[in-house]
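Asks: Can you read through this structure? Questions will come right after.
Read the figures in this text as sums done on the coordinates, not as results from a lab. If you're wondering where the values come from, they're calculated on a predicted model, not measured in any experiment. Don't worry about glycine lacking a Cβ; one is built from the backbone with ideal geometry, like all the others, and counts go over all protein chains shown.
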Amino acid sequence: MRYSTILVLGFLAAAAGCDLFNNALEVQNPSNIPASGLETPGNAQLLVNGAVADFECAAGAYVVMGGLITDELRAATQPADRFPYDRRTMASSDRRYAVNTCIGLGVYTPLQTARFSALNVLSLLQSWTDAQVPGRESLIATAQAYEGYSLVLLGEGFCTMVVSTLDANRERVYGGEISRDSVLKLAVAAFGDAITTAQAAGPADIVNMALVGRARAHIDLGQPALAAADAQQVAPGYVKYATASDINSRRYNRVWQENSATSTLTSLGVPYINMTDPRVPLSFRGDSSVTKVPLYQQLKYPQSSSPIRLASRMTWSASRSRRSFLLLRPSGPSARPTRARSTSRGVLCTGLLPGQEERHASLNSGPIRPGRGEGQLPGAFWVIAAGGPTTSRLAR
């Protein structure tokens with residue numbers, strides 16, 4: 001009897017031990033909070049702020065990657081997975097481009113995360129009432145506008161992609177592969193919704209932001225007349241910034257992170273080092289990186305908290321008369337004939353959008369001159385359109 005009791009207890013202990021070891025592998029990350037518990041009307045503003053933060057982090061990485069592709073920035077150090085951007089040889093095996101976070105200069109995944117964050121918050125807001133969420137319409141307009149900007153950057157940077165949606169039960173639905181024109185049309189629709197909602201709710205900032213974004217999308221689609229119609233409605237002097245902060249690395253100005261007095265990750269491209277334009281401030285640090293690249297430092301973003309202009313309206317003199325124009329700089333594509341490269345997460349376009357080659361050749365045939373723009377770098381062109389994250393990467 002005693003031995004059978006010991007045997008039973010031994011089996012129980014063994015079973016408990018297995019459970020103990022199995023449970024030991026099921027570790028909860030203390031920094032992760034289940035989203036379902038936060039998706040309540042009382043957290044509406046917090047959720048919108050989170051979607052905006054997702055976009056700002058993604059846009060910062062997009063700016064740096066665009067700078068490397070267009071030779072505004074130059075890879076100056078290891079690891080070697082940064083070099084394909086500089087060489088314009090991105091491939092499906094490049095994890096940094098495809099799946100890295102925005103802190104690690106990922107592009108596709110952070111932008112899709114930002115887009116879906118805005119879409120998810122928008123779905124929640126539309127399911128709640130004004131009584132539950134004070135200022136609900138303004139928050140809806142904000143989410144719609146940032147969804148539009150995520151779509152614009154995706155459309156400008158990638159030839160094809162998949163855009164997921166939410167069904168009536170808030171279940172994710174994956175569509176098929178679509179072209180950049182289809183993505184840009186989705187951006188136009190998102191901006192249109194933001195404009196309509198914001199005009200009824202009252203936030204002029206979102207109206208102007210969405211008008212600039214829609215003008216930019218129209219230009220990308222080859223619709224300058226529609227872009228001009230939106231541009232003319234933007235308030236004079238309007239500027240919208242993607243904010244940054246020194247509170248943690250996710251909120252850093254990504255250009256500062258990569259090129260500053262404390263960073264040797266990138267230098268500046270030769271065309272800009274030799275530009276000698278006071279509107280493109282830079283300095284030589286007097287040393288070289290470990291890969292023997294002379295280190296030049298941009299001076300536009302002196303701090304980790306320096307904001308980056310997202311959208312603006314500016315006035316300049318053209319053809320003997322003063323007219324209001326908006327600035328468009330392609331975010332990411334280089335000043336070379338378009339080359340599409342298949343990737344595991346979409347098709348990255350490393351060239352100008354259709355029809356931009358001719359404008360680029362006519363406008364970049366000489367040094368930047370006063371009156372031509374705001375000290376833009378080679379690769380920029382001027383149209384009646386909208387300014388994006390890379391509009392002023394190095395120029396004041």
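Asks: In percent, how large is the relative contact order of segment 139-198, given Cα pairs closer than 8 Å and 6 or more residues apart?
Replies: Answer for segment 139-198 is 48 percent.
Asks: Which of the lysines could a cross-linker bridge to Lys240, judged by Cα under 30 Å and excluding same-chain residues fewer than eight apart?
Replies: Output for Lys240: Lys185, Lys300.
Asks: Would you mind counting up the charge near Ala227? Only other residues with Cβ under 12 Å from its Cβ, with Lys and Arg at +1 and Asp and Glu at -1.
Replies: Result for the neighbourhood of Ala227: 0.
Asks: Next up: Just want the ordering: Cys159, Cys102, from fewest to most Cβ atoms lying within 10 Å of their own Cβ.
Replies: On the way: Cys159 22, Cys102 27.
Fewest-to-most ranking of Cys159, Cys102: Cys159, Cys102.
Asks: What order do you get for Glu39, Glu177, Glu147 when you list them from fewest to most C-beta neighbours inside 10 Å?
Replies: Ascending number of Cβ neighbours within 10 Å: Glu177, Glu39, Glu147.
Asks: Which of Ser260, Ser289 comes first, and how do the rest follow, when ranked by fewest Cβ neighbours within 10 Å?
Replies: Working: Ser260 22, Ser289 18.
Fewest-to-most ranking of Ser260, Ser289: Ser289, Ser260.
Asks: Now for a separate question. Between rounded, prolate and oblate, where does segment 42-211 land on the alpha carbon gyration tensor, with a ≥ b ≥ c its root eigenvalues, rounded for a/c under 1.5, else prolate if a/b exceeds b/c?
Replies: Taking the square roots of the gyration eigenvalues as a ≥ b ≥ c, segment 42-211 is prolate.
Asks: Using alpha carbons only, how many angstrom separate the centre of segment 60-96 from the centre of segment 195-216?
Replies: Spelled out, the Cα-based centre of one part sits 33 Å from the other.
Asks: Can you tally the net charge around Ser179? Count Lys and Arg as +1, Asp and Glu as -1, for every other residue whose Cβ sits under 14 Å from the Cβ of Ser179.
Replies: My count for the surroundings of Ser179 gives -2.
Asks: What ³J(HN,Hα) values, in whole Hz, does the Karplus curve 6.51 cos²θ - 1.76 cosθ + 1.60 give for segment 95-105 when θ = phi - 60°, with x put for Gly and Pro?
Replies: So the Karplus estimates, Gly and Pro as x, are 5, 4, 6, 7, 10, 4, 6, 5, 5, x, 6 Hz.
Asks: Using only alpha carbon pairs under 8 Å that are at least six residues apart, calculate the relative contact order of segment 42-211 and give it in whole percent.
Replies: Reported relative contact order: 20 percent.
Asks: Can you list the aspartates and glutamates whose alpha carbon is less than 20 Å from that of Lys292, not counting same-chain residues fewer than 8 positions off?
Replies: In chain and number order, the partners are Asp71, Glu72, Asp81, Asp86, Glu258.
Asks: Which order do the peptides 233-240, 295-302, 209-216, 51-58 come out in when sorted by mean C-beta neighbours inside 10 angstrom, highest first?
Replies: Ranking the peptides 233-240, 295-302, 209-216, 51-58 by packing returns 209-216, 51-58, 295-302, 233-240.
Asks: Work through the residues other than Thr266 whose Cβ is under 10 Å from its Cβ and net out their charges, Lys, Arg +1 and Asp, Glu -1.
Replies: Values: positive: Arg74, Arg82; negative: Glu72, Asp86, Glu258.
Once all neighbours under 10 Å are counted, the net charge is -1.
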